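FYI, it's all coordinate maths here, none of it is from the lab. Keep in mind it's a predicted model, so treat the numbers as computed, not measured. Methodologically, a virtual Cβ is constructed for each residue, glycine included, from the backbone with ideal geometry; neighbour enumeration extends over all protein chains shown.
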Amino acid sequence: MSTVIWHNPRCSKSRQTLAILTERGAAPVVRLYLTDTPSEAELRDVAARLSVGTIDLIRRGEALFRELGLSPTDPDAVLFAAMAANPKLIERPVVLRADKAAIGRPPEAVLDIL
């Protein structure tokens, strides 16, 4: 069963999550989501796997969130489009395995899907 991590090597939580995965023998496929941007459909799928609201998949503290005039009350379609157009807004790291997903905040949160 393959494991995929949407990874940003500049992010300490992403690096820590990747380390946890490799220490557990997961051998994840690393997707550099800032350059290999997920589509809106992929983002919708991940939100469904996470069983969270769209706003929980977006980095609200990111300056870009405010610069784009986004709000937690925006419709899902607006938030998914913003993340697809600006992958910096995607909460990271995201780990996918089978039909499950986890956000590595804290990094140990991904252990539940291994």
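Ignoring the sites themselves, what is the longest stretch of the chain with no trypsin sites (Lys or Arg not before Pro) in a DSSP loop and at most 16 other beta-carbon atoms within 10 Å?
It works out to 61-114.
Seen from all directions on average, the chain presents a Cα convex hull projection of 6.5 nm². Full extension of the chain segment joining Arg105 with Ser51 gains 17.9 nm, where the gain is 0.36 nm per residue of separation less the Cα-Cα distance. Eigenvalues of the alpha-carbon gyration tensor of region 38-88, scaled by 5 and square-rooted, set the equivalent ellipsoid semi-axes at 17, 11, 9 angstrom, largest first. Each of Thr73 and Ala85 was given a label point 7 Å from its Cα along the Cα-to-Cβ line. The distance between the two points is 2.1 nm.
Ellipticity at 222 nm from helices only: DSSP H runs of n ≥ 4 in the chain, each -39500 (n - 2.57), divided by the residue count, give -9500 deg cm²/dmol.
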